[in-house]
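This report refers to the structure that appears directly beneath it.
The values are calculated or read from the model by the stated rules, or taken from the named source; none is laboratory data. Remember, predicted model here, so these are calculated numbers, not experimental data. Using ideal geometry, Cβ is built from the backbone for each residue, glycine included, and neighbour counts are taken over all protein chains shown. Heads up: the accessible areas ignore ligands, DNA and RNA and are worked out on the full protein's heavy atoms, side chains in. Shrake-Rupley method; radii C 1.70, N 1.55, O 1.52, S 1.80 Å.
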Amino acid sequence: MEKSLGARRSSGRRTTRKTRKSSDEQRASAGTNVDRSPEELEHPEISGEFIDPDEFFSKEKKNGRNERRHKGKQKKSQNKKPGVLKANEEDRKLVADEDFVQGRWFECMPEWIESEEGTLMAEEEEESAKLLLRKAREVYDKRFSEQALRNASFAHGTIQDQISALTLSIQESPVHHLDELLKLLNYCSKKSARVKHLSVLAFQDLLLNDLLPDKPLRSFQSRTGPRTREGLSKRHMLYAYFESELKKAVSKFFEIVRLESLEGVAHMRTSAISTAYNVLVDKPEGERLLLGIVVNKLGDPERKVATKAIYSLQKLLEKHPAMKSIVLAQVEELVFRKNVKRRTQYYAITFMNQVQFSERDIALSRSMINTYLTLFNKLTLDADEIDLDVYEGRLVASILV
């Protein structure tokens with residue numbers, strides 16, 4: 001009896017353990033996705049599973065917010081062009097799409113038609129054009145705010161970062177970054193040799209690749225417009241004003257280069273010759289001034305600077321043979337300049353001896369022979385007054401060759 005009772009108790013314990021185990025397995029399977037419909041997976045409340053209401057509704061709100069944000073971003077990306085805001089009709093008269101799709105600023109400039117019956121632009125009109133350019137800058141900054149912020153981030157770095165930021169801004173649109181152009185020009189006249197050198201190189205690169213056209217720049221008041229000024233839009237006026245201001249800035253830059261050619265350091269003088277030559281060989285702007293810088297360096301006290309000038313003049317005539325008469329005229333002027341040194345005359349004659357003439361240069365070659373004879377006569381007449389130096393014999397020998 002006691003034995004049967006104990007057996008029943010043990011069998012009851014086994015069934016209880018099996019029941020608990022099966023219920024645990026059912027709970028575990030209920031937590032999985034096995035045998036659950038797609039509706040139950042998307043909406044767990046259908047399955048009869050217990051869900052915390054606060055947690056459920058917070059998830060729904062979060063999903064709704066994310067969906068609304070995603071739709072809003074898609075709508076904005078469809079309506080908005082990258083980096084450009086909508087501009088009204090008045091703003092388009094100042095900053096048009098043609099300012100950016102046709103290339104450099106002088107290629108985007110509207111055609112200015114001049115007539116013999118027209119009148120010169122007045123000073124009051126130049127002031128009006130100045131205000132238009134200022135307004136165009138404001139419109140540009142609104143339309144391209146991302147670029148303005150990007151360039152401003154570089155403006156607080158090292159001096160090289162600042163020069164790079166200024167250069168990048170000017171390359172994007174010179175017409176709308178006249179202030180940056182003048183600031184870079186300011187850097188070219190700094191006392192620090194490093195800052196000056198970096199700025200001059202950057203400005204020279206801008207002149208050759210972005211700023212200077214293949215014809216001389218014009219001032220605002222040298223232009224003629226219709227008497228009634230019909231046909232001249234706001235863009236006509238602000239472009240003409242920018243060209244006039246660019247011409248002034250370029251003239252100041254050439255003057256900085258001229259002063260650099262007079263520096264006490266030979267490296268700076270050689271750099272000035274290179275800058276003058278690079279602009280002279282590619283662009284017609286400031287031709288006479290730049291040529292004078294190179295020619296005057298024939299009389300430099302340092303031999304390597306004088307030979308650099310000779311080499312630059314030779315390369316110039318190789319690329320532009322039509323400039324022979326202009327170059328030789330300036331060299332001849334240097335030879336007969338008052339109080340000129342024999343050393344300077346020697347290097348000038350050395351350059352002239354290396355000029356090659358063609359059949360079309362008969363008159364020019366005769367002019368050179370006259371220069372040689374005039375200089376030889378002058379040397380023989382002043383023989384008693386001349387101090388004997390190493391260049392005296394060399395000069396006579398160069399003339400006789």
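Is the stretch 265-274 home to any residue that is more than 27 Å from the chain's Cα centre (by Cα), surrounded by fewer than 21 Cβ atoms within 10 Å (Cβ to Cβ), part of a helix (DSSP H, G or I) and at pLDDT below 95? Talk me through it step by step, then tell me what you get.
Step one: filter the stretch 265-274 for residues more than 27 Å from the chain's Cα centre (by Cα), giving 265-266.
Retained after the next criterion (residues that are surrounded by fewer than 21 Cβ atoms within 10 Å (Cβ to Cβ)): 265-266.
Retained after the next criterion (residues that are part of a helix (DSSP H, G or I)): 266.
Cutting the leftovers down to at pLDDT below 95 gives us 266.
There is at least one residue in the stretch 265-274 that is more than 27 Å from the chain's Cα centre (by Cα), surrounded by fewer than 21 Cβ atoms within 10 Å (Cβ to Cβ), part of a helix (DSSP H, G or I) and at pLDDT below 95.
Can you tell me how many residues in the stretch 277-316 are in contact (Cβ under 8 Å) with a residue 60 or more places away in the chain and touching an Asp or Glu at 6+ places or on another chain (Cβ under 8 Å)?
At the first step, the residues of the stretch 277-316 found to be in contact (Cβ under 8 Å) with a residue 60 or more places away in the chain are 278-279, 282-285.
Right, trim to touching an Asp or Glu at 6+ places or on another chain (Cβ under 8 Å) and you get 279, 283-284.
Qualifying residue count, the stretch 277-316: 3.
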Please verify whether the stretch 328-347 includes one or more residues that are under 26 Å from L211 (Cβ atoms), open to solvent by less than 60 Å² (accessible area, probe 1.4 Å) and among the hydroxyl-bearing types (S, T, Y). no
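I'd like to know if the stretch 199-214 contains one or more residues that are under 30 Å from E117 (Cβ atoms) and either exposed (fewer than 14 other Cβ atoms within 10 Å of the Cβ) or among the aromatic types (F, W, Y) (or both). Can you show your working first?
First, the residues of the stretch 199-214 that are under 30 Å from E117 (Cβ atoms): 213-214.
Now narrow it down to the ones that are either exposed (fewer than 14 other Cβ atoms within 10 Å of the Cβ) or among the aromatic types (F, W, Y) (or both): 214.
Yes; the residues of the stretch 199-214 include at least one that is under 30 Å from E117 (Cβ atoms) and either exposed (fewer than 14 other Cβ atoms within 10 Å of the Cβ) or among the aromatic types (F, W, Y) (or both).
Could you list all residues from the stretch 246-260 that are of a type outside the set (V, I, T) and either over 16 Å from L184 (Cα atoms) or buried (at least 21 other Cβ atoms within 10 Å of the Cβ) (or both)?
Selection gives L246, F253, R258, L259, E260.
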Out of K234, K215, I need the residue that is over 12 Å from the mean Cα position of the chain (by Cα) and more than 22 Å from D282 (Cβ to Cβ). Which one? K234
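From the set of residues in the stretch 82-111 that are assigned to a loop (DSSP other than H, G, I, E, B), open to solvent by less than 80 Å² (accessible area, probe 1.4 Å) and modelled with pLDDT of 70 or more, which is farthest from L132 (Cα to Cα)?
Pass one, the stretch 82-111, residues assigned to a loop (DSSP other than H, G, I, E, B): 82-83, 85-88, 93-97, 102-104, 109-111.
Imposing the further condition that a residue be open to solvent by less than 80 Å² (accessible area, probe 1.4 Å) reduces the set to 83, 87, 94-96, 103, 109-110.
Now drop any that are not modelled with pLDDT of 70 or more, which leaves 94-96, 103, 109-110.
On the way: L94: 7, V95: 10, A96: 13, G103: 22, M109: 15, P110: 15 Å.
Among them, the one singled out is G103.
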Could you say whether any residue in the stretch 239-249 is more than 15 Å from the chain's Cα centre (by Cα) and in a loop (DSSP other than H, G, I, E, B)? no
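Just to be sure before I move on: is F357 more than 20 Å from P321 (Cβ to Cβ) and surrounded by fewer than 17 Cβ atoms within 10 Å (Cβ to Cβ) in the structure I sent?
Values: more than 20 Å from P321 (Cβ to Cβ): no; surrounded by fewer than 17 Cβ atoms within 10 Å (Cβ to Cβ): yes.
Taking the combined requirement at face value, the residue does not satisfy it.
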Conditions (1) open to solvent by 40 Å² or more (accessible area, probe 1.4 Å); (2) out of contact with any strand residue (DSSP E or B) (no Cβ under 8 Å at 6 or more places or on another chain); (3) not aliphatic (A, V, I, L, M); number of the one not met by K196: (1)
Only one of these conditions is not met by V295: (1) open to solvent by less than 10 Å² (accessible area, probe 1.4 Å); (2) under 28 Å from V175 (Cβ atoms). Which number is it? (2)
